[in-house]
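To start, the structure under review is shown below, and the notes come after it.
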Amino acid sequence: MKKLRLIFFLMTPLFLFSCDKEDGPYVKIKSIENLIYQEIRDFRVEEGEDGPFVHQVLMVGEAQIYSYKMANGVEEINTDGLDEHWDALLEKYSFYNLHALVLKTSSLDEDEILDELLLLTDGEAILLEDLTQCGVGVESDTEGNNYICILLAKADS
């Protein structure tokens, strides 16, 4: 029994100090972001797209950052400034067939948001592309407008 205690005592520091620290910030998916993702997923299924389609936390983080930039006037409400965010994602994983949609809306209702996304130029076509990954980011400004960035891609498992 003493040997077991000694081994445990000597091994504890090894476990405590050998863990790698996270390389990036913690990403918390907001409930509205998840609801929008679920609405997009359900739309895709209704339209016959029944393959895998996940809410990818890496993509959510980058979509949140871009939404924040739009909400604070750092980026225009378009996809022109997304290159650095795609680059950050591509450093971590092999995504391809990259697409994005952005939206400024006063709504926080996922049904209305999907309807607005479908009205965007190529919105429906983009949502029905050959995709497996989705990341939804939502940020608000001080006037109550909501800025939504949806990153979409394919990744092989």
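Nothing in this text is a laboratory measurement; each read-out follows from the coordinates by a stated rule. Remember, predicted model here, so these are calculated numbers, not experimental data. All Cβ positions, glycine included, derive from the backbone under ideal geometry; neighbour counts span all protein chains shown.
So the values come out like this:
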item: Under 19 Å from Lys30, Cα to Cα: aspartates and glutamates that are on another chain or at least 8 residues apart; result: Glu39, Asp42, Glu62, Asp109, Glu110, Asp111, Glu112, Glu139, Asp141
item: Ratio Rg/Rh [Cα only; Rh per Kirkwood] for the range 29-154; result: 0.93
item: Residue-wise HN-Hα coupling along the range 105-121, computed from phi with Karplus coefficients 6.51, -1.76, 1.60 (Hz; x: Gly, Pro); result: 8, 8, 8, 10, 9, 4, 5, 5, 5, 4, 4, 5, 5, 5, 7, 5, 4
item: Total charge dipole magnitude, the range 40-157, about the Cα centre, Cβ charges on Lys, Arg, Asp, Glu only, Debye to nearest 20; result: 380
